[in-house]
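The values are calculated or read from the model by the stated rules, or taken from the named source; none is laboratory data. Remember, it's a predicted structure, so these values are computed and weren't measured experimentally. Note that we place each Cβ from the backbone using ideal geometry, even for glycine, and neighbour counts take in every protein chain shown.
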Amino acid sequence: MEFVASVIAWLADPAHWQGRDGIPIRLLEHVELSAASLLAGAAIALPFGFLVGHSGRGAFLVLSVANVGRALPSLAILGLALPFTIQLFHVLEFWPAFVALTVLAIPPILTNTWAGIRAVERDLVETSRGMGMSATQVLWRVEIPVALPVILGGLRTAAVQVVATATLGAYVAGGGFGRYVIDGIARNQLDRIFAGALLVAALSIATELAFAFLQRRLVSRGLRAAAPRSAPRSAPRPAT
Amino acid sequence: MRLTRMLALGASLLVLASACTTGGGSTPSPSATATAPPSATAPATPTPAPATPTPEPPKPTVRIGSAGFYEAQLVAEIYAQVLEADGFTVERHLGLGTRPIIEEALAGGQVDMLPEYIGSTLEFFNGGKGEASGDSAATAARLQEYYTPKGVTVLLYTPGQDQNGFVVRPETADESGLAKMSDLAAVAGQLVLGAPPECETNPVCLPGLKSVYGIEFKDFKPLSACAADGIIALNEKAIDVYEVCTTQPGIAQFGLVLLADDKHLQPAENIAPVVRDDFLAKVPKPDDFKALLNSVSQRLTTDVLLELGVKVDVDKRDVADVATEWLKAEGVIP
């Protein structure tokens, strides 16, 4: 019970809200790292997801990449990336974690994008083609908007995972809330460790809520109301 | 049908219950240690000897722990093999973690002994009062005073030491004329320090550097202690000064300049095995036990620590193999 009190005291202490190691700066660093990794992961995964989902070819490749990406422990990727990033950038922090988190972000975005596009009713696609739309137009004007809820779901999953795992960066002089966890372990300050963990959890939840809000705003009203009428062919279950 | 199901449930509960009580892990019940096999040197002869002396009571199982980094594991492994050669059964719990964790394990009785660095451990117990000094004997004696109420005995310490030190790249040393720590004060404001996270609050690290040498760095990057990634970071100019362990092979390997601790901020860091008193009470001949470990400790000079360190940390050889090789070369084990 007094442990809970000490954690609350740690969070309430104004000294922990100021300066280089204060919560605001660590929050900024954490968000920076997470956002950058998510964007990079999306920049890689979305185009591939659109392409493979639209054409229907290369599904096996997509699934393999996604599975391997999921299986690789982020900490291992961090360690592997370090010698390379340090030779490239001559700084310890940010880059190894950025690589590891980008790899982490790719599988959910890739899988969901591909699955979402595949799940668009064939009738809809055929009707669009019949109306004279080119393949690109079908993709941008029909498939993506219809698949948007699922695609956003993938981004949401990736975002939450990235935020939670961004604590890893602190292993190699990185910032973010992970700093509290790692420093707490090194100095045997249990209240610091737990406070850091709580902050990460709070940020993860906030991220989840932000994306939920985004999903509601971006998805067209017509889609939100309708349930899929016909079962799409060979569409896998998207990761939620 | 119901009967079979009940039987199956009962059987699985029984298995579960027995698994829990005889359960593995690092905390065997006291009764388990008492039934350890007798000394390997006792021959099993069928012919009754005329006046059989009382058989030697079984030697208890020793649980040896250690901290994470290679040198701690190496020294623990050396002690482990020496004890095994003497007929003890050894349970290894190497690489448990940092000092708070291993001391907790020792105090709580999860391990019976571990190798410790006398200076850092003393400062760990006294909350950084600065009692550890360059005088090894005094430091060890003061450490024993802290260990006694915990029921732990500090055995003889090694002549070899592995202190914390600070290294810079040779270019940095040339540019700014750095040979000792006092030289750093003038240029530290332009340099970035890499050190473990606890350096910020450890009295012999940042606070001590400031108060004793007047050193304040431009920036501080928290990194793992005495590790390869710190050396990489130093070589790649991500940091300019790195806190090392003075027997770390990377120093010589990359020609790094170790700055002399001219004001003796860093305390003596000889290694001593620290053993729980309740374990010593179980040992049939505790004096022999202590003498055995002391004789090995006496052979661990700084040069030996460095030489073995190279084999483990640079050549990447197995810790147990390196230990065995050295012990055999020294004639300690057959």
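Condition first: within 14 Å of chain B (Cβ to nearest Cβ), part of a helix (DSSP H, G or I) and at negative phi. Can you find one or more residues in region A:200-210 that meet it?
No - not one qualifying residue is present in region A:200-210.
What is the residue count in region A:100-128 for residues that are of a type in the set (Val, Ile, Thr) and over 22 Å from A:Arg156 (Cβ atoms)?
Final tally of qualifying residues: 2.
Looking at B:Asp112, B:Asp135, which is the one that is on the phi < 0 side of the Ramachandran plot, away from chain A (no Cβ under 14 Å), touching a strand residue (DSSP E or B) at 6+ places or on another chain (Cβ under 9 Å) and charged (D, E, K, R)?
From the options B:Asp112, B:Asp135, the qualifying one is B:Asp112.
Scan region A:54-68 residue by residue and report those that are small (Gly, Ala, Ser) and either within 20 Å of A:Leu155 (Cβ to Cβ) or assigned to a helix (DSSP H, G or I) (or both).
If the condition is that a residue be small (Gly, Ala, Ser) and either within 20 Å of A:Leu155 (Cβ to Cβ) or assigned to a helix (DSSP H, G or I) (or both), then A:Ser55, A:Ala59, A:Ser64, A:Ala66 are the ones that fit.
Please verify whether region B:155-175 includes one or more residues that are charged (D, E, K, R) and within 30 Å of B:Gly108 (Cα to Cα).
Yes, because at least one residue in region B:155-175 is charged (D, E, K, R) and within 30 Å of B:Gly108 (Cα to Cα).
Here are B:Lys237, B:Lys263: which of them is of a type in the set (Lys, Arg), surrounded by fewer than 21 Cβ atoms within 10 Å (Cβ to Cβ) and at pLDDT 90 or above?
Numbers: B:Lys263 fails: at pLDDT 90 or above.
So the residue among B:Lys237, B:Lys263 that is of a type in the set (Lys, Arg), surrounded by fewer than 21 Cβ atoms within 10 Å (Cβ to Cβ) and at pLDDT 90 or above is B:Lys237.
Consider B:Gly95 against the criteria (1) small (Gly, Ala, Ser); (2) over 15 Å from the mean Cα position of the chain (by Cα); (3) on the phi > 0 side of the Ramachandran plot: it satisfies all of them except one. Which criterion is unmet?
That leaves (2) as the condition not met.
Within region B:195-226, can you find the residues that are in contact with a helix residue (DSSP H, G or I) (Cβ under 9 Å, 6 or more places away or on another chain), more than 10 Å from every other protein chain (Cβ to nearest Cβ) and either in contact (Cβ under 8 Å) with a residue 60 or more places away in the chain or in a helix (DSSP H, G or I) (or both)?
The answer is B:Pro203, B:Val204, B:Leu206, B:Pro207, B:Leu209, B:Val212, B:Tyr213, B:Cys226.
(1) within 13 Å of chain A (Cβ to nearest Cβ); (2) under 22 Å from A:Gly79 (Cα atoms); (3) modelled with pLDDT under 90; (4) outside any helix (DSSP H, G or I): which one isn't true of B:Asp229, the others all being true?
So the condition that B:Asp229 fails would be (4).
Can you spot a residue in region B:232-247 that is in a loop (DSSP other than H, G, I, E, B) and more than 14 Å from every other protein chain (Cβ to nearest Cβ)?
Yes, region B:232-247 contains at least one residue that is in a loop (DSSP other than H, G, I, E, B) and more than 14 Å from every other protein chain (Cβ to nearest Cβ).
Is region B:232-246 home to any residue that is closer than 18 Å to B:Cys205 by Cβ, touching a Leu at 6+ places or on another chain (Cβ under 6 Å) and β-branched (Val, Ile, Thr)? Step through it out loud before you land on a result.
Residues of region B:232-246 closer than 18 Å to B:Cys205 by Cβ: B:233-234, B:239-246.
Next, from what is left, pick out any that are touching a Leu at 6+ places or on another chain (Cβ under 6 Å): B:233, B:240-242.
Narrowing further to those that are β-branched (Val, Ile, Thr): B:241.
Among the residues of region B:232-246, at least one is closer than 18 Å to B:Cys205 by Cβ, touching a Leu at 6+ places or on another chain (Cβ under 6 Å) and β-branched (Val, Ile, Thr), which makes the answer yes.
Does at least one position in region A:178-188 carry a residue that is on the phi > 0 side of the Ramachandran plot, touching a helix residue (DSSP H, G or I) at 6+ places or on another chain (Cβ under 6 Å), within 14 Å of another protein chain (Cβ to nearest Cβ) and at pLDDT 90 or above?
no
Take A:Ala212 and decide whether it is closer than 27 Å to B:Thr98 by Cβ and of a type in the set (A, V, I, L, M, F, W, C).
no
Considering only residues of region B:75-92 that are small (Gly, Ala, Ser) and buried (at least 20 other Cβ atoms within 10 Å of the Cβ), which is farthest from B:Phe279 (Cα to Cα)?
Step by step, filter region B:75-92, then rank; the result is B:Ala76.
Would a scan of region A:31-53 turn up a residue that is out of contact with any helix residue (DSSP H, G or I) (no Cβ under 8 Å at 6 or more places or on another chain), within 21 Å of A:Ala201 (Cβ to Cβ), assigned to a helix (DSSP H, G or I) and among the hydrophobic types (A, V, I, L, M, F, W, C)?
yes
I'm trying to understand the selection: among the residues of region B:222-233, which are closer than 21 Å to A:Arg179 by Cβ and of a type outside the set (Gly, Ala, Ser)?
Listed by number, the residues that qualify are B:Pro222, B:Leu223, B:Cys226, B:Asp229, B:Ile232.
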